[in-house]
Amino acid sequence: MSDFNFVRTEMLEAKEPPLTERGVVKWVRENLFSGWFNTILTLVSIYVIYLVLSSILPWLVNGIWIADSLTQCREIRDTVNGGEPSACFAVLTARWHQLVFGFFPQDMYWRPILAFILLFVALAPVLYDAAPRKLFYFTAVYPFLMVWLIWGGSVWGPVMVAAGFGVSYLAYKLVAKFSELAATIIALIAPIIWWLFFSGAVAGIIQSVIPISLYAVESKELGGFLISVVVGLAGISLSLPLGVLLALGRQSDMFIVKTMCVGFIEFIRGVPLITLLFTALLLLNYFLPKGVNFDVVIRVIIMVTLFSAAYMAETIRGGLAALPKGQYEAADSLGLDYWQAQRLIIMPQALKISIPSIVGIFIGLFKDTTLVIFIGISEMLGFTNAIRADTAWNGVYWELYIFVGLVFWICCFSMSRYSQWLERKLQTEH
Amino acid sequence: MTTLTDPPTESFRLSQLIYDTRYRSMTIQVVALIGFVSLFAWLISNTVTNLEALGKDFDFGFLSVRAGYDINQRLVEYSSDSTHFRAAYVGFLNTLLVAFLGCILATIIGVTAGVLRLSKNWLTARLMTIYVESFRNIPVLLWIIAFFAVLSEGTPAPREFRGENPAASMMLNDSMAVTNRGTYIPTPVWEAGSIIVVITFLLSLLGIWAFGRYSKRRQQATGDILPNFWIKLAIFIVPALLMFFIMGRPISLDYPALKGFNFAGGLHIRNSFLALWLALSFYTGSFIAESVRAGILAISKGQTEASYALGMRPSRTMNLVILPQALRVIIPPLISQYLNLTKNSSLAIAVGYMDLRATLGGTTLNITGRELESMLLMMAIYLVISLSISGVMNFYNNSVKLVGR
């Protein structure tokens, strides 16, 4: 035993891992250079990033924001920036209002801006639980307020349209004492009669007594981002309920109802949106009685709504199919009738399952609002052409496209982020 | 939903139609049907009245009339003396062409991006995320127009290729020219005897299929695995190449060359087609990437671990365990993306590509003034295309469906 002349009595301090196994170096080794294939990928990626940045970054940084025309932009580029490639963002400084508001009268920009700000107030209770519940009253009023702010005219027009719902409620209450069924039918018919025959006249009478009105803006003066928001918003809020109804119709046991829903859904899904828009533009005059004419924006909204409702129906049908049969049976065993079961048990769960796809359809709808350019409404892309038609800006492409793309990207990306947040919030699984 | 009710003891009353669940659904359906039929009748009667007021009739006879306009890209013989029907047919083929090529390119881009987005390489995964998020969240119409602007504004004019010291030069060993008038690529010239080479090539495809079957049977019988990929590659290339030289090189390439103010020879691919094709492919590719990623993520990690536990190599795990299961999740959204691509190809109007919408639903409609007939016919054609694609999808879904209890 005497061979051992030294025995360590205390433990060695733990050494730090070698340089290649810690910190940044380790991360780089594991994530970027963990094998020959990975190394190639990294090098290619770096090259691509270099290529893109080296061509775009100087162009962006040298961007010229103040100039009267493209020629002046080029002069500034040659004199100030020494001929380096420079973006001519001056076109945005000069023409941003057209891209955003279209031909909306310049002194009334406060109207769409106010409508846009109020939009968030109206959306707050829908999007966040924390918002005060009382705001729902404002949400209910908002559509009429928005129509009035944007199109202007007498305030009594939208008010009388809103009153139609009040008429419906009153009629229901009056008749419900005698017969539930008759009340439901009357509640459906009364507002239609009101809208068709009375609302216009009554609005006119009240307007002559208490004139409150804004300068009326015609639909053809709307354009740019404004028209995308109007069409997108209307389409989104109308297509969800319609989609739910279509999905329920397709799931129902009633053969005729089911066949009609399937036929409608498959037809709409089978043709491009652009053909539907052309139908709205060219063929509606054939289908409607002589003299009946719709505003072109309303035509577009109807078509866009029908189009997304068909897709929505298929999505919600997927959600319905994913629900276990036990949920339906449980609802039946509680003695709930069809609509109660749908409202309280089936739909909340089915809609929750389909949130990502529903928001995907919303995003698609919003992007599809660019197609109105083909039926003569100038949305943002239409204005990029119009601006280029001006000799001062002939030849400006990328600055305009980047602006339009960025606006859409921000809207769509925030929608998809919101849906992911909502999905996480509603998650009840472990 | 079944509701048990006592058999009626009293005679039928009218209110039973509404309050009795046995009759209610019938009542609703009859009302719905009457409403539907009367709506249709109303629309048709309006249409008839309006057509009469305009002095028009409903007649597809215009299809056999001389079209009188030119189509710059055509896959079949067409001139301005051809009929409107022929024009619509050319447009239809153009739609199918861009849709077919778009589907192929979109699949390649989408699968690559989807797989790379899951890669362990941080940089590549981020890059692919940027690609997917930027293409998904910007309207396809903007992409089409932007690609067209790149091709027509960002590329040199043919005259810049001229002179001693040209400003632009042809790519790929002087075989391809990208100009603002389109891209010129070599086109094959088929001489006598080339048919034999083509037949050999087709036969070798048959050979690959036969070899695949043989190899599978052999593996199941003996357990040996042949180097399938290399053998198939050899069958793919060697016989056709041999025959090509035996027949004395009957297939040659016709290269584009600068003549006068423009390129001549070779195949001229128009910018309108190229922009539409690339934009649709990259746009749809970003959606396909998401489906592919979701499909691969949907397969639980236990499958990979179980396969490793059985001693399978990673490549084999991917091919035999993960992909067959992931494909079941990926294919349905993939096909609906193909459907979307086909429908989005109708945006060709933005760059002047002459597809079905631009011929039948565009120029023909404007020349003849037959809005109703043209639109209905066009919708019917799109409907047939869509329904055939979704028919294929349903067939596939049924064939791979997991058989449940």
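For the stretch A:186-336, just the Cα set please: Rg and Dmax, both in angstrom.
Here Rg and the maximum Cα pair distance are 20.1, 60 Å.
In whole Å, what is the distance between the alpha-carbon centres of the stretch A:274-298 and the stretch A:127-181?
So the separation of the two Cα centres works out to 27 Å.
Could you please report the charge total around A:Val297, scoring K, R as +1 and D, E as -1 over all other residues with beta-carbon less than 12 angstrom from its beta-carbon?
Values: positive: A:Lys220, A:Arg299; negative: A:Glu218, A:Glu221, A:Asp295, A:Glu379.
Charge balance near A:Val297 sits at -2.
Any idea what the dipole of the protein assembly as shown comes to, in debye rounded to 20, about its Cα centre with Lys/Arg Cβ at +1 and Asp/Glu Cβ at -1?
Values: 60 positive and 50 negative charges, 326 e Å.
Computed about the Cα centre, the dipole is about 1560 debye.
If each DSSP helix of 4+ residues adds -39,500 (n - 2.57) and the sum is divided by the residues in chain B, what number results at 222 nm, nearest 500 deg cm²/dmol?
Values: 12 runs with 242 residues, N = 405.
The per-residue figure over chain B is -20500 deg cm²/dmol.
Give, rounded to the nearest 20 debye, the magnitude of the charge dipole that the stretch B:189-251 has about its Cα centre when Lys and Arg contribute +1 at Cβ and Asp and Glu contribute -1 at Cβ.
Numbers: 6 positive and 2 negative charges, 56 e Å.
Using Cβ point charges on Lys, Arg, Asp and Glu, the stretch B:189-251 gives about 260 debye.
For each of B:Ser345, B:Ser386, count neighbouring Cβ atoms within 10 Å of the residue's Cβ, then give the residues from fewest to most.
On the way: B:Ser345 27, B:Ser386 20.
Arranged by neighbour count, lowest to highest, B:Ser345, B:Ser386 become B:Ser386, B:Ser345.
With the Cα gyration tensor of the protein assembly as shown giving a ≥ b ≥ c as the square roots of its eigenvalues, does the rule (a/c under 1.5 for rounded; else a/b larger than b/c for prolate; else oblate) give rounded, prolate or oblate? Mind dumping the intermediate values first?
Numbers: a/c = 1.45, a/b = 1.26, b/c = 1.14.
Judged from the Cα gyration tensor, the protein assembly as shown comes out rounded (a/c under 1.5).
Only four residue types carry charge here, +1 at the Cβ of Lys and Arg and -1 at the Cβ of Asp and Glu. Report the dipole size of chain A about the Cα centre in Debye, rounded to the nearest 20. Display every interim value, and only then the final one.
Numbers: 28 positive and 28 negative charges, 167 e Å.
Dipole magnitude for chain A comes out near 800 debye.
Compute the separation of the alpha-carbon centres of the stretch A:313-384 and the stretch A:247-269 and state it in Å as a whole number.
Cα centroid of the stretch A:313-384 versus Cα centroid of the stretch A:247-269: 15 Å apart.
Between A:Phe294 and B:Ala294, how high is the FRET efficiency from 1/(1 + (r/R0)^6) when r is the Cβ-Cβ distance and R₀ = 41 Å? Nearest 0.05. Don't skip to the answer; put the middle values down first.
Numbers: r = 41 Å, r/R0 = 0.99.
Efficiency computed from Cβ-Cβ geometry: 0.50.
From the Cα gyration tensor of the stretch A:132-185, with a ≥ b ≥ c the square roots of its eigenvalues, which class applies: rounded if a/c is under 1.5, or else prolate if a/b is larger than b/c, or else oblate? Could you put the intermediate results ahead of the total?
Working: a/c = 4.22, a/b = 1.86, b/c = 2.27.
Since a/c reaches 1.5 but b/c is at least a/b, the shape of the stretch A:132-185 is classed as oblate.
If one takes the longest principal axis of the Cα atoms in chain A, at what angle in degrees, from 0 to 90 and to the nearest 10, does the Cα axis of helix A:70-79 lie?
So the helix axis and the longest Cα principal axis differ by about 20 degrees.
Once Lys and Arg get +1 and Asp and Glu get -1 on their Cβ, which of B:His268, B:Pro314, B:Val115 lies farthest toward the positive end of the dipole of the protein assembly as shown?
The Cα lying farthest towards the positive end belongs to B:Pro314.
Note the angle between two axes, namely the Cα long axis of helix A:380-389 and the longest principal axis of the Cα atoms of chain A, as a number of degrees from 0 to 90, rounded to the nearest 10.
The angle comes out near 80 degrees.
With a sphere of radius 13 Å drawn around the Cβ of A:Gln349, what net charge do the other residues whose Cβ falls strictly inside it have (Lys, Arg +1; Asp, Glu -1)?
Numbers: positive: A:Lys325, A:Arg343, A:Lys352; negative: A:Glu429.
Spelling it out: positives minus negatives among the neighbours equals +2.
Which pairs break 28 Å Cα to Cα here: B:Lys232/B:Lys343; A:Lys352/B:Lys401; A:Lys325/A:Lys352; A:Lys173/A:Lys325; A:Lys367/B:Lys401? The partial results should precede the final answer.
Values: B:Lys232/B:Lys343 36 Å; A:Lys352/B:Lys401 25 Å; A:Lys325/A:Lys352 17 Å; A:Lys173/A:Lys325 37 Å; A:Lys367/B:Lys401 34 Å.
Long pairs (Cα-Cα over 28 Å): B:Lys232/B:Lys343; A:Lys173/A:Lys325; A:Lys367/B:Lys401.
Just check chain A against the gyration tensor rule for me: Cα atoms, a ≥ b ≥ c as the square roots of the eigenvalues, rounded for a/c under 1.5, and otherwise prolate or oblate depending on whether a/b exceeds b/c. Don't skip to the end; give the middle numbers.
Working: a/c = 2.38, a/b = 1.31, b/c = 1.82.
Verdict is oblate for chain A.
Between the DSSP loop rule and a limit of at most 15 other Cβ atoms within 10 Å, which chymotrypsin sites (Phe, Trp or Tyr not before Pro) in the stretch A:229-293 are left? Mind showing how you got there, number by number?
Details: sites: A:Phe255, A:Phe264, A:Phe267, A:Phe278, A:Tyr286, A:Phe287; in loops: none.
The qualifying sites: there are none.
Filter the GluC sites (Glu not before Pro) in the stretch B:96-189 down to the DSSP loop ones having no more than 15 other Cβ atoms within 10 Å, then list what survives. Intermediate results must be reported in sequence, preceding the final value.
On the way: sites: B:Glu133, B:Glu153, B:Glu160, B:Glu164; in loops: B:Glu164.
Those satisfying the criteria are B:Glu164.
Is any helix in chain B, taking whole DSSP H runs, at least 20 angstrom long along its axis by alpha carbon and on average at least -0.5 on the Kyte-Doolittle scale, and which ones? If you can, show how the numbers build up before the last one.
Working: long enough: B:21-54 (50 Å, 0.92); B:84-117 (47 Å, 1.54); B:122-136 (21 Å, 0.39); B:194-222 (41 Å, 0.68); B:228-246 (27 Å, 2.13); B:271-298 (39 Å, 1.11); B:323-344 (30 Å, 0.39); B:371-400 (43 Å, 1.09).
Helices meeting the span and hydropathy rule in chain B are B:21-54, B:84-117, B:122-136, B:194-222, B:228-246, B:271-298, B:323-344, B:371-400.
If pairing requires two Cys Cβ atoms under 4.7 Å apart, which cysteines of chain A are left without a partner?
A:Cys261, A:Cys411, A:Cys412
Report the calculated FRET efficiency for A:Leu214 and A:Gln420 (r = Cβ-Cβ distance, R0 = 41 Å), to the nearest 0.05. All intermediate terms of the calculation are to be shown ahead of the outcome.
Numbers: r = 39 Å, r/R0 = 0.95.
Efficiency for this residue pair is about 0.55.
Which loop-located chymotrypsin sites (Phe, Trp or Tyr not before Pro) does the stretch B:230-295 contain, where loop means any DSSP state but H, G, I, E or B and the Cβ has at most 11 other Cβ atoms within 10 Å? Show your work: numbers first, answer last.
Details: sites: B:Trp230, B:Phe236, B:Phe244, B:Phe245, B:Phe261, B:Phe263, B:Phe273, B:Trp277, B:Phe282, B:Tyr283, B:Phe287; in loops: B:Phe261.
Answer by residue number: B:Phe261.
Could you state the per residue volume, in Å³, of the convex hull enclosing the Cα atoms of the stretch B:189-251?
Measuring per residue, one finds 67 Å³ for the Cα hull of the stretch B:189-251.
Normalised by the empirical 2.2 N^0.38 Å for globular proteins, what value does the Cα Rg of the stretch A:292-364 take?
Details: Rg = 16.1 Å, N = 73, 2.2 N^0.38 = 11.2 Å.
Dividing the Cα Rg of the stretch A:292-364 by 2.2 N^0.38 Å gives 1.44.
Quick note: the coordinates plus some simple rules give every number you see, no bench work behind them. Remember, it's a predicted structure, so these values are computed and weren't measured experimentally. So basically every Cβ, Gly included, is an ideal-geometry build from the backbone, and we count neighbours across all protein chains shown.
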